[in-house]
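Q: Structure incoming, see below.
The values are calculated or read from the model by the stated rules, or taken from the named source; none is laboratory data. Owing to the predicted nature of the structure, the values given are computational and were not obtained by experimental measurement. Using ideal geometry, Cβ is built from the backbone for each residue, glycine included, and neighbour counts are taken over all protein chains shown. Just so you know, the surface numbers come from the protein's heavy atoms only, side chains and all, with ligands and any DNA or RNA stripped out. Shrake-Rupley method; radii C 1.70, N 1.55, O 1.52, S 1.80 Å.
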Amino acid sequence: MSRIPKPVSTSFKARPEGARSPATPPTTLPNLSNVANQSKIPKPVNTPANAHYKPRQDGPRPPRDSTQPNRTQSALQSHQGVSTFNSPATSSTQAAGSSNTGVRYPQGPCPPMAPLPAGRRQTALKLDNAACLTHGISPEHVQGALQQGQLHSAYSRLGKEGNYSRDADKNGGGALAVYTRAVGTEQTAWKAQGSGVGSNDSKVQMILSPAVLANPDHGWRAGSTDNMGKVPGSTAAHQAGLPKNDPLGRAPLWSRQTESGRNSAFNDTVSGKAVQANNEQLHWEKVPLQGNLKGMVVTSQSSFDTLMGIPGAQRGGTAGRGTVRFGDQDVPVILTSGQSSLLSTLKSAGIANPSGQVR
């Protein structure tokens, strides 16, 4: 496939990524014993059949375990925005997290959101207009993310004394969050190579279902602009008197945004046809991939080849098509021109439905 040159843009600067843990191919999904409420983990969903992909020849897959544990007390805190994906780790679970999830420095529960001001009506989250969430990641880091079963924040890898890529990451959002971008179902101008930070030919665009945002136990905030590492709802003035060079000490700033304000920012981002490239969806500490990762889009042959080198990956019968194994899923991988429409690419690959929704 011929590669279309990427236009030069000075509007966006790709977010550098820190080093991730060395990858050793697993045979099963990572041990998620450090998750407080296993019943809240989305169950894996098999990718719809697609004519572009060859069927696997590795025999029948093991049956799924339908046993669901009872809800724990931590789930009762969901109305405050506390995430059961982010419960404080004990000494034993911290050790498990370090070896299995890449989380060396647990951040604890997601701080509660700000209360809705008196007399204000709650704004509901509208996911119908959302096509997907995207996350730009270097191809050499994809295997580690799949092994860990999640995308995780810089702080969870580096801790307080970490060498962060920019000072702005310590403003309370950049270090403590995983960033995604939200794409609307009518935003056909969104390019396959991505928009905003983490969007160029050297990156892989992970395609995630926005349904994770509706999980009351998943802590996240939303901004409609590049906030220079700050949490949406917070300002530079809010940081006065907070500990210097201590990202986790800025966690209270996550309580500056109301649920209504978060939902409004998200709804505005995905409404209409205009591409709002700098929209920021901040996920506290981690984003679980199980049940949420629906595909990956690359815009360079070298990135595609790197993904096809992951153990269990298979090239499809059509050039530029393949799959990467994740648990009991074969996650589609699509190689396309960076200037092509992301939504058109996802529809043609069967990753998005005819309405442009990835679920």
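Q: So how many residues does segment 301-310 have that are under 12 Å from Val142 (Cα atoms) and either open to solvent by 20 Å² or more (accessible area, probe 1.4 Å) or in contact with a Gly (Cβ under 6 Å, 6 or more places away or on another chain) (or both)? Give the steps one after another, and end with the answer.
A: Step one: of segment 301-310, the residues under 12 Å from Val142 (Cα atoms) are 303-304, 306-310.
Checking the rest, the ones that are also either open to solvent by 20 Å² or more (accessible area, probe 1.4 Å) or in contact with a Gly (Cβ under 6 Å, 6 or more places away or on another chain) (or both) come to 306, 308-309.
Residues meeting the conditions: 3.
Q: Which of the residues belonging to segment 161-181 are small (Gly, Ala, Ser) and farther than 11 Å from Lys230 by Cα?
A: Within segment 161-181, Gly162, Ser165 qualify.
Q: Now for a separate question. When the residues of segment 254-274 are narrowed to those that are of a type in the set (Lys, Arg) and more than 18 Å from the chain's Cα centre (by Cα), which ends up least open to solvent (accessible area, probe 1.4 Å)?
A: Arg256
Q: Within segment 153-168, which residues are open to solvent by less than 10 Å² (accessible area, probe 1.4 Å) and on the phi < 0 side of the Ramachandran plot?
A: Passing the criteria: Ser153, Ser156.
Q: Could you run through segment 216-225 and say how many residues are open to solvent by 20 Å² or more (accessible area, probe 1.4 Å) and in contact with a helix residue (DSSP H, G or I) (Cβ under 6 Å, 6 or more places away or on another chain)? It would help to see each step written out before you state the result.
A: Narrowing segment 216-225 to residues open to solvent by 20 Å² or more (accessible area, probe 1.4 Å): 216, 224-225.
Filter again for in contact with a helix residue (DSSP H, G or I) (Cβ under 6 Å, 6 or more places away or on another chain), leaving 216, 224.
Here the count works out to 2.
Q: Moving to a separate point now. Here is a check on your reading of the model: is Ala319 in a helix (DSSP H, G or I), hydrophobic (A, V, I, L, M, F, W, C) and open to solvent by 30 Å² or more (accessible area, probe 1.4 Å)?
A: no
Q: Test each condition in (1) in contact with a Ser or Thr (Cβ under 8 Å, 6 or more places away or on another chain); (2) more than 19 Å from Leu151 (Cβ to Cβ); (3) open to solvent by less than 10 Å² (accessible area, probe 1.4 Å) for Val358 and report the one that comes out false.
A: (2)
Q: Which number in (1) part of a strand (DSSP E or B); (2) out of contact with any helix residue (DSSP H, G or I) (no Cβ under 9 Å at 6 or more places or on another chain) marks the one condition that Gln290 misses?
A: Tallying (1) part of a strand (DSSP E or B); (2) out of contact with any helix residue (DSSP H, G or I) (no Cβ under 9 Å at 6 or more places or on another chain), Gln290 fails exactly one: (1).
Q: Another question, then. Identify the single condition in (1) under 21 Å from the mean Cα position of the chain (by Cα); (2) modelled with pLDDT of 95 or more; (3) closer than 28 Å to Lys170 by Cα; (4) not charged (D, E, K, R) that Asn279 does not satisfy, given that it satisfies every other one.
A: Only one criterion in (1) under 21 Å from the mean Cα position of the chain (by Cα); (2) modelled with pLDDT of 95 or more; (3) closer than 28 Å to Lys170 by Cα; (4) not charged (D, E, K, R) is unmet by Asn279, namely (2).
Q: Check whether at least one residue in segment 177-200 is within 28 Å of Arg325 (Cβ to Cβ), surrounded by fewer than 18 Cβ atoms within 10 Å (Cβ to Cβ) and not hydroxyl-bearing (Ser, Thr, Tyr), and report yes or no.
A: The answer is yes; a qualifying residue exists.
Q: Taking Val298 as the residue in question, decide whether it is open to solvent by 30 Å² or more (accessible area, probe 1.4 Å), touching a residue at least 60 places away in the same chain (Cβ under 8 Å), touching a Phe, Trp or Tyr at 6+ places or on another chain (Cβ under 7 Å) and aliphatic (A, V, I, L, M).
A: For Val298, the condition - open to solvent by 30 Å² or more (accessible area, probe 1.4 Å), touching a residue at least 60 places away in the same chain (Cβ under 8 Å), touching a Phe, Trp or Tyr at 6+ places or on another chain (Cβ under 7 Å) and aliphatic (A, V, I, L, M) - is not met.
Q: Within segment 176-228, how many residues are under 24 Å from Leu307 (Cα atoms), in contact with a strand residue (DSSP E or B) (Cβ under 6 Å, 6 or more places away or on another chain) and in a loop (DSSP other than H, G, I, E, B)?
A: 8
Q: Residues in segment 226-253 that are β-branched (Val, Ile, Thr), open to solvent by 20 Å² or more (accessible area, probe 1.4 Å) and modelled with pLDDT of 95 or more: how many? Break it down stepwise before answering.
A: Residues of segment 226-253 that are β-branched (Val, Ile, Thr), as a first pass: 231, 235.
If we keep only those that are open to solvent by 20 Å² or more (accessible area, probe 1.4 Å) too, we end up with 235.
Now narrow it down to the ones that are modelled with pLDDT of 95 or more: none.
Result for segment 226-253: 0.
Q: Pairs only if they're at least six apart or on different chains, beta carbon under 9 angstrom, first in segment 245-258 and without any contact (Cβ under 8 Å) to a residue 60 or more places away in the chain, second surrounded by fewer than 18 Cβ atoms within 10 Å (Cβ to Cβ); list them, first residue then second.
A: Gly249/Lys160; Gly249/Leu242; Gly249/Pro243
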